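Okay, so here's the structure we're looking at.
The values are calculated or read from the model by the stated rules, or taken from the named source; none is laboratory data. Being a predicted model, the structure only gives us computed values, none of them experimental. Here Cβ is always computed from backbone atoms with ideal geometry, including for glycine, and neighbour counts include all displayed protein chains. Calculation scope for accessible area: heavy atoms of the full protein, side chains included, ligands and nucleic acids excluded. Shrake-Rupley method; radii C 1.70, N 1.55, O 1.52, S 1.80 Å.
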Amino acid sequence: MNNKKEDQVKKVKAFSKLNKKGNVVRVIREHYLRDDIWCKSLACNICRHEDAVLEAPEIVTKMSKTALKKQKKKAPEMPEVSDYIPQYIIPSVDVSMKYLDILEECQKKNIIFCETVSEEANQTQHSQKRKYQRIRNLINNQERCSILFANEHSVETYTDRLESESQKQRNDRAVVIVSEWYSKHLNNSIPIILLSDTPVTVDPNNNITVMSMVEFVQGNTKLMDMLANVVDSTSEVNLFEEHLPLDVMESGISKGTLHRAKIKMSRKEDATVRVDGEEYIVEPNRAVHDDVVCVQILPKEQWRVPNSKRVSTGFVVPTAVVVGVIQRNWRDYVCSILESNDSSSNVMCVPLDYRIPKIRIRTNNKQALENMRIVVRISSWERGSNYPTGFYVKTIGPIGDLNVETQSLLLENQIHITPFSKAALDQLPSKDWKPDPRYRKDLRTSHMVSSIDPIGCEDIDDALSVRHLPNDCVEIGVHIADVTAFVPHDSPLDIEARNKSTTIYLIDRRIDMLPSLLSANLCSLHQNRDRYAMSVIWKFNNKHQVIDTWFGRTVIRNRYALHYDQAQSIIDGISIPKVDPIPERNWSEAQIAPDDFSQLKKNLTTLQKLGQLLHRARQDNGAVDLESLDQVTFSLDDKKEPTKISTKVDGLIHHTVAEWMIYANAAVAKKIHDHNQSSALLRIHPQPKSENFSSLLKVASVRDYAINVRDNNTLAKSLDGAVDRSDPYVNMLLRSLATRAMEEAQYVSSGSLTGSEALRHYGLALQHYTHFTSPIRRYADIIVHRQLLNCLQNENHASRELFNNQQLQKIASAINDRKRAADRAQQESTEWFRAIYFRNKSQVVDGIVFGVKSTSISVFLPQYYIKGQIYLTTREGQLIIPIKERNRFELPENIPSAGVIDYHEEKQRVGISIKGSLFKITVFDHVQVQVKISESKAHLPQVSLELTTFKTSTKPSAGASGGCQTIVFARLRGDHKGQIQRWTESKMK
């Protein structure tokens, strides 16, 4: 190729873009123009494309693509005319960026996005990159018949920037050139709509109509409302500071004068950001919760008193201001309309999430949306408006309806429930499926296999077996449902399960990761059913040492599907009341054959004794026993109304099962990591930062407990020693505060981290850990099963993994995100049903203080496992006086502050003086708390706590929950079935 020819096809582009860290980088890129960029139109007789998607006139589109090609070979000049003439829509860069919501909503077909648009989205702020992905999603929707045309790489349409042009002017001209090329290329047979809000000139000889967005949406009420929200004028008075340009933010970040952070909002507290490990309160300046922002840290003389102090005490905290938004993380928000007598079409929407500001929308359908949960999307937030502007997306249903509120709760956590596709369901076996024992170890008659689960459990993932061997040796087996036998890798069913990632457990329903035929039937290890399993079998000698480990596929028969209380009663040799069957779950209590009872008891006792030894070994290694204090169960009536709340008290058998599952998970983790260290799916738990323990240390010091947080071993030992023999709640709450300090456990691909310490599980004190034991409800376990099978099939040589490190880390990150969303939904469901329970039954119960601030105390209510904050002052700084003290001192209801608060942070104590009487509230004091609920149309009901008196005691009040032997256990955050990993018994007196 000569130099002249090369100059014609070789182009150099220079531009700036944000990298993943939010830094601006200068990019210089060479690319060559091509003459094989096809138009992808079915109406074209010239291009040699095989993936044409743009529609042609009806006479052509009725044919298949193959028939179309044959027809055009026979008669290339066939007329392209019929009753249906499609329009090709080509939006400008500005229209694509500003009105993408409308282009998505309008459902118009045949949209041609120029490559110029995608480059603009990909080179600007991260918030625009989300729009790039949305453009890709629209193009990938086959029903929209839309394409991305590579005009920047086509010899026919590439456009150089002129010296006198701005980049925007050049981009506008590039889109015009594409429009004119399409019109000429198709001999003006297809009308072209060029969408542009900027005046542009086109060749009048072409079949091109230039439309503004106002003209484009004319006649469509919903789209007109959406457009009005985007272009709606705001006040000429600027209420907020202008955001800095991107290059100025980047310059400040690189110099260290500005900082990149994620903003966090709170219902009653200030917005905050965290910079270099330190927290700052901020003025949001139009940033919304979870946006990535650029902040400027203010000098100390400009720091201010946080709103949480409620009264100007002179106590200031580090303060910053938002000077720009780097990445908008807006999503769909569930809202309700704020009622008003205003007849205009402007409506204020109140988000279900307290952290999100009200959103202003315009609608002509106001009456129909009242008393409804609706979905709203933010489109902009101008400087002249106190609130962001958005538009209506859809209606969910009437406020207060159980299914509507549940769907709202899920949507708020970005959980979208879709039914399984026909392609996925077509892969399922028939209901009368029978296992094929070939190529598997058959344990159906040789091993007494039993499962131990909660009452009514349908999705039984795991079972255990025990065999007593000669020489006092024992064989223990953990058998896990073999889901991979029914879900082929990368099949439609596998992809949909991967997208769901986890089963979601709400109070009144379960949303399965797998179709119920698998999750509740063919995969579930039901009693007296032959099932496929993945098994780990250990052989222990008489010194309780493992002398052999076997992994592999098996066929098992679960002899007895026990529930926890039943299993424990067998071990203890006591009888307990029988549990009634649950017909809707096809569940009934296992009936033990007399001939099997003694063997079953021996097996369960062996599991328990060996399990305690395993746990003790982990404790010696530094395993930390934690407590979250939030595990409750609800009894529901026929209308799904809660009739009873029970706190979960786990017995020793719960921890026996948990310990064996941990042991199996750890064994499999070591196996797959030893085989492939670059891409094993592991579950890690990082060591927490020492500053995370400040609350724990502050509270513990009140009782002179020396808590050493140097490592997990010292933390575990010091927590074990922090015991108040007269009040078991003290140790429980200290462990709960330790739980708060923990980092989040998460899935990772082993190759994404360096160093063996990075792969450790801090809480369990294990070098390698993974999730293997719950594949029916966790997709991570399905991946681990496949990795184990790959390891076993290629034990003596390296093998090609299903995912490389980069692919697996991307999947692991997605699973982490979905697990967090599912956990949040479960927690919010619990809080919602707890509030419903108290709707008509306000109660006074015992509470224990576990945190003291200048204007509030944190309390835990053992009877219902409620943790909450009780404010001592109003926002205006007035003392909130309980009813008993008001009556005692004859204080009117709404008088100004009648008392003085004296706060001692080091002593974790607050003193309250009223008319010469002094009341002291110190951490670990017991108080009387009235449980109420606060309700509004805009939000789900919430539990509200109030003190009934300032008087305290050092022990639980008479009638408080307890009074019998119980067992205090802890759950490691996010790990194993919500089951507890602590063995310490305590007496409640």
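With the cut-off at 1.5 for a/c, could you classify the stretch 770-826 from its C-alpha gyration tensor as rounded, prolate or oblate? Could you put the intermediate results ahead of the total?
On the way: a/c = 4.48, a/b = 1.87, b/c = 2.39.
Note, shape of the stretch 770-826 comes out oblate.
From the alpha carbon centroid of the stretch 560-580 to that of the stretch 829-864 is 33 Å.
Taking only the alpha-carbon atoms of the stretch 344-486, what semi-axes of the equivalent ellipsoid follow from 5 times the gyration tensor eigenvalues under a square root, in whole Å, largest first? Before the final figure, lay out the partial values.
Working: eigenvalues 624, 71, 40 Å².
Here the semi-axes work out to 56, 19, 14 Å.
The translational diffusion coefficient of the stretch 503-652, from Stokes-Einstein at 10 °C and 1.306 mPa s with a Kirkwood hydrodynamic radius over alpha carbon pairs, comes to 83 µm²/s.
With distances taken between every two different alpha-carbon atoms, the stretch 429-539 has a Kirkwood hydrodynamic radius of 15.6 Å. Pairs with C-alpha atoms separated by more than 29 Å, drawn from the list 268/300; 131/358; 431/810; 539/689, are 431/810; 539/689. Computed log10 I(q)/I(0) for the stretch 154-276 at 0.15, 0.18, 0.19, 0.22 Å⁻¹: -0.98, -1.07, -1.11, -1.23, from the Debye equation with unit scatterers placed on every C-alpha and solvent omitted.
For the chain, the longest principal axis of the Cα atoms and the long axis of helix 65-74 meet at an angle of about 10 degrees.
Restricting the trypsin sites (Lys or Arg not before Pro) of the stretch 210-303 to loop positions (DSSP other than H, G, I, E, B) with no more than 11 neighbouring Cβ atoms within 10 Å leaves 267. Among the listed values (i) -0.83; (ii) -1.00; (iii) -0.76, the one matching log10 I(q)/I(0) by the Debye sum over Cα atoms at q = 0.07 Å⁻¹ as calculated from this structure is (iii).
For the stretch 379-429, the calculated P(r) over all alpha carbon pairs, in 10 Å bins from 0 to the bin holding the longest distance, is 19, 26, 29, 17, 6, 2, 0 percent. Note that the stretch 768-783 has calculated 3J(HN,Hα) couplings of 9, 8, 8, 10, 10, 9, 9, x, 5, 10, 9, 5, 3, 5, 5, 4 Hz, one per residue in order, obtained from phi through the Karplus relation 6.51 cos²θ - 1.76 cosθ + 1.60 (θ = phi - 60°); glycine and proline are x.
The spacing between the stretch 778-793 and the stretch 255-307, judged by their C-alpha centroids, is 43 Å.
Across the stretch 502-583, the volume of the C-alpha convex hull divided among the residues equals 184 Å³ per residue.
Compactness of the stretch 272-374 is given as radius of gyration and Dmax, 17.9, 52 Å, from Cα positions.
Convex hull over the alpha-carbon atoms of the stretch 776-906: what's its volume per residue in Å³?
Details: hull volume 29.7 nm³, N = 131.
So the per-residue hull volume is 227 Å³.
Compute the separation of the alpha-carbon centres of the stretch 657-719 and the stretch 438-493 and state it in Å as a whole number. After rounding, the separation between the Cα centres reads 28 Å.
Out of all DSSP beta bridges in the stretch 326-449, what portion is antiparallel? Express it as a percent rounded to 5.
Details: 19 of 20 bridges.
So the antiparallel bridges amount to about 95 percent of the total.
When every Cα-Cα distance of the stretch 607-764 is counted in 5 angstrom steps from zero, the calculated P(r) takes the values 2, 8, 13, 16, 17, 16, 12, 8, 5, 2, 0 percent.
Which FRET efficiency value, to the nearest 0.05, is calculated for residue 511 and residue 542 with the Förster distance at 56 angstrom and r the Cβ-Cβ distance? Display every interim value, and only then the final one.
Numbers: r = 47 Å, r/R0 = 0.84.
Using R0 = 56 Å, I get an efficiency of 0.75.
Straight Cα distances below 14 angstrom link residue 98 to the aspartates and glutamates 120, 197, 232, 382, with same-chain residues fewer than 8 positions distant left out. In this structure residue 653 has an accessible area near 0 Å², from a 1.4 Å probe over the protein heavy atoms.
If one takes the longest principal axis of the Cα atoms in the chain, at what angle in degrees, from 0 to 90 and to the nearest 10, does the Cα axis of helix 712-721 lie? Taking the Cα atoms of the chain, the angle to 712-721 is about 40 degrees. The stretch 794-833: percent of C-alpha pairs farther apart than 15 Å? Tail fraction, whole percent: 62.
Mean projected area of the Cα convex hull of the stretch 579-675, taken over all directions, amounts to 10.4 nm².
Potential lengthening of the chain between residue 254 and residue 934 amounts to 240.1 nm, from the contour at 0.36 nm per residue minus the alpha-carbon distance.
Can you pull out the GluC sites (Glu not before Pro) in the stretch 256-329 that DSSP calls coil and that have at most 13 other Cβ atoms within 10 Å? List each step's numbers first, then the result.
On the way: sites: 269, 278, 279, 301; in loops: 269.
Listed in order of number, the matching sites are 269.
Among the GluC sites (Glu not before Pro) in the stretch 674-756, which ones are in a DSSP loop with at most 16 other Cβ atoms within 10 Å of the Cβ? Mind listing them? Intermediate results must be reported in sequence, preceding the final value.
Working: sites: 691, 743, 744; in loops: 743, 744.
In loop regions of the stretch 674-756 (DSSP not H, G, I, E or B), the sparsely surrounded GluC sites (Glu not before Pro) are 743, 744.
Each 10 Å bin from 0 upward holds the following percent of the Cα-Cα pairs of the stretch 147-226: 17, 41, 32, 9, 0.
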